[in-house]
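To start, the structure itself, in structure tokens.
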Amino acid sequence: MIYLNILKGKDYVDVCFVQGILLEKDFPVLKNDNKRKQVRSIQLKRLEDLNHENFVALLHAASRILGESKRAWFIK
């Protein structure tokens, strides 16, 4: 699952990956902000800062990993 997190007092938007811990080895752009246990995120100040090719690869990897994960809690 992916969600956007707009934090009060911050100048960026978090694009959060719920089980991002499983992705951080292959995608070092993912940050562990606020000492989260599972969630990792990309922090964007401007849409132009997003590397589109890398983001699409990240989405594909997230979809594959979450589909294979026994901890995935959502219904397909």
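Any residue that is in a loop (DSSP other than H, G, I, E, B), at pLDDT below 90 and surrounded by 14 or more Cβ atoms within 10 Å (Cβ to Cβ) - is there at least one of those in segment 36-59? Taking every residue of segment 36-59 in turn, at least one turns out to be in a loop (DSSP other than H, G, I, E, B), at pLDDT below 90 and surrounded by 14 or more Cβ atoms within 10 Å (Cβ to Cβ). When every residue of segment 1-10 is checked against the conditions, none turns out to be farther than 18 Å from G67 by Cα, hydrophobic (A, V, I, L, M, F, W, C) and surrounded by 15 or more Cβ atoms within 10 Å (Cβ to Cβ). Among the residues of this structure, A62 counts as one that is assigned to a helix (DSSP H, G or I) and either in contact with a Cys (Cβ under 7 Å, 6 or more places away or on another chain) or in contact (Cβ under 8 Å) with a residue 40 or more places away in the chain (or both).
The residues in segment 1-35 that are among the hydrophobic types (A, V, I, L, M, F, W, C), in contact with a Leu (Cβ under 7 Å, 6 or more places away or on another chain) and assigned to a loop (DSSP other than H, G, I, E, B) can be counted, and the count is 3.
The values are calculated or read from the model by the stated rules, or taken from the named source; none is laboratory data. From a predicted model like this one, the values you see are computed outputs, not experimental measurements. Quick reminder, even Gly has a Cβ in these numbers, built from the backbone with ideal geometry, and neighbours come from all protein chains shown.
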